């Protein structure tokens, strides 16, 4: 094994008593390959509370010395080729997050059931057939993701009152044949995804889960064809109401007699009153804007941004995220979104003096991304609607345009990009977001690039907020932007505008999209890390998107 000096990141973490360490990507994979695994010196970093080793196909096993890292709270081992996890992982008594997604695991060790502090377990994209008995002993579990495996069912003890914090159970793309009626014992369950499994029945007891907000059973061949049709097209609340009715129906059949019949009549009247109340609740629920947060550990291909040390003295703060579900195609949807962004720039962003927003089409981004600085003469950008030029040339051209505008209109104020030129005065280096090919895709606070420009056909948006004021400023602006996007999306869904034809490549509208418009936004977390791979910030976190907005429903 190599010693600590051959792994400078480990030596640095030991010297500086760091609590976070990240090994990610091809460079580290090559080192792991030549070394025959991780350096043993990593297990001496007993202060670590966050360890990530990801995107390293040469990593096939984790040594049992992992048990020495007793302060670990997050262990991220995704997108490697691990064939097993040592049972001693159960000795990591402080562990809260375990992510071993996208590996070659065929079984999980029993030791996992000893992790009393565990809140998040992600074992998606493996070859698991069963889950270990005793998961209910992990009483603090809140999120379980077992999607894309070969699991045929949950252990009998899984449906337990002990798991009273379990809010998200994601198990799509498996071979699950049965969901027990005891699922109602999972009292905190909010999200249940069992799509693309082998279920024939959905137990009526599911309707007794008091907090259930989102269910997905699409892709199962249910014996109740009416229910199957509802599953493929209806709101969660309607499905639960149907299941509740089925449960009452069975009780009535078992105890049918004359008295029972009279009680049933009375019950129908009460049910009718309840239905009116429920309809009102459903209307209120439908009027809510829905934002669903997709955890970074749930997406093996999640984007991340590396931040260079040099931005500290120029424009140090950055938060990013990816948004899907934003429908920019109909009518003036794109125009409304761009106007809303301009308004945020003028108001909340103080005319870009406190923060700047940039939006990109994810499909046009070449990852990984680097937030860096460049001298004005070396920063080349294809500004929106212009040809490629250096920052010096762009600033000079904008200044000439501003002077010309002043002469023509005989006034001091100018519009467009020209009004932000003073924000760069005196700067020896300019901030920029650079893609994997070295192209500048964003030059805050002036412009982003034509290369990644959003259009009506854009389906995934990469959002970026930078600031020289504070990290919280970035987060506040991003919160406001996402809330505004949710409002606009709801407006678009409700008004059902026709798709315009403005040369943006619009084809016929998707029939499915037009028949069932949805305003739900999905926000994928994005991590920003320093050049050593240490985590700087994840957005959104649980403390973000907490605006006191009564008609906003954020699903974690």
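The values are calculated or read from the model by the stated rules, or taken from the named source; none is laboratory data. Here the structure is a predicted model, which is why all the values come from computation and not from measurement. Ideal geometry is used to build each Cβ from the backbone, glycine not excepted, and the neighbour counts take in all protein chains shown.
Details
- When 487, 494 are screened for being in a helix (DSSP H, G or I), touching a helix residue (DSSP H, G or I) at 6+ places or on another chain (Cβ under 9 Å) and modelled with pLDDT under 90, only 487 passes.
- Test: residue in the range 56-78 that is at positive phi and in the same structural domain as residue 26 (by TED's automatic domain parsing): no
- Those residues of the range 330-350 which are touching a residue at least 24 places away in the same chain (Cβ under 8 Å) and within 16 Å of residue 481 (Cβ to Cβ), in sequence order: 333, 334, 336, 337, 340, 341, 344, 348, 349
- Checking 32, 66, 62, 10 one by one, the residue that is closer than 16 Å to residue 532 by Cα and surrounded by 18 or more Cβ atoms within 10 Å (Cβ to Cβ) is 10 and no other.
- Residue in the range 311-320 that is part of a loop (DSSP other than H, G, I, E, B), at pLDDT below 90 and farther than 24 Å from residue 480 by Cα present: yes
- Condition check for residue 98 on (1) modelled with pLDDT under 90; (2) within 27 Å of the chain's Cα centre (by Cα): one failure, at (1).
- Residue within the range 446-454 that is in a loop (DSSP other than H, G, I, E, B) and touching a helix residue (DSSP H, G or I) at 6+ places or on another chain (Cβ under 7 Å) present: yes
- Scanning the range 354-412 for residues that are free of Cβ contacts under 8 Å to residues at least 40 places away in the same chain and either in the same structural domain as residue 464 (by TED's automatic domain parsing) or outside any helix (DSSP H, G or I) (or both) yields a total of 9.
- Residue check, residue 335 farther than 23 Å from residue 472 by Cβ and surrounded by 22 or more Cβ atoms within 10 Å (Cβ to Cβ): no
- Any hit, the range 218-238, residues being under 13 Å from residue 169 (Cβ atoms) and touching a residue at least 24 places away in the same chain (Cβ under 8 Å): no
- Odd one out for residue 438 among (1) under 22 Å from the mean Cα position of the chain (by Cα); (2) over 14 Å from residue 364 (Cβ atoms); (3) outside any strand (DSSP E or B); (4) at pLDDT 90 or above: (1)
- Residue within the range 156-178 that is in contact (Cβ under 8 Å) with a residue 60 or more places away in the chain, surrounded by 22 or more Cβ atoms within 10 Å (Cβ to Cβ) and touching a strand residue (DSSP E or B) at 6+ places or on another chain (Cβ under 6 Å) present: no
- Restricting attention to the range 145-181, the residues that are touching a helix residue (DSSP H, G or I) at 6+ places or on another chain (Cβ under 8 Å) and not in a loop (DSSP other than H, G, I, E, B) add up to 5.
- Any hit, the range 343-350, residues being at pLDDT 90 or above, surrounded by 14 or more Cβ atoms within 10 Å (Cβ to Cβ), in the same structural domain as residue 450 (by TED's automatic domain parsing) and assigned to a loop (DSSP other than H, G, I, E, B): no
- Taken over the range 115-125, residues that are assigned to a loop (DSSP other than H, G, I, E, B) and either free of Cβ contacts under 8 Å to residues at least 12 places away in the same chain or closer than 20 Å to residue 158 by Cα (or both) amount to 7.
- Residue 41 farther than 21 Å from residue 120 by Cβ, touching a helix residue (DSSP H, G or I) at 6+ places or on another chain (Cβ under 9 Å), in a loop (DSSP other than H, G, I, E, B) and touching a residue at least 12 places away in the same chain (Cβ under 8 Å): no
- Residues located in the range 57-68, provided they are under 23 Å from residue 297 (Cα atoms) and either modelled with pLDDT under 90 or in a helix (DSSP H, G or I) (or both): 66, 67
- Scanning the range 79-109 for residues that are surrounded by 23 or more Cβ atoms within 10 Å (Cβ to Cβ), part of a strand (DSSP E or B) and out of contact with any helix residue (DSSP H, G or I) (no Cβ under 6 Å at 6 or more places or on another chain) returns a single hit, 98.
- Exclusive hit being free of Cβ contacts under 8 Å to residues at least 60 places away in the same chain, buried (at least 17 other Cβ atoms within 10 Å of the Cβ) and over 20 Å from residue 173 (Cβ atoms), set 144, 76, 112: 112
- Residue 363 being surrounded by fewer than 14 Cβ atoms within 10 Å (Cβ to Cβ), under 30 Å from residue 296 (Cβ atoms) and modelled with pLDDT of 85 or more: yes
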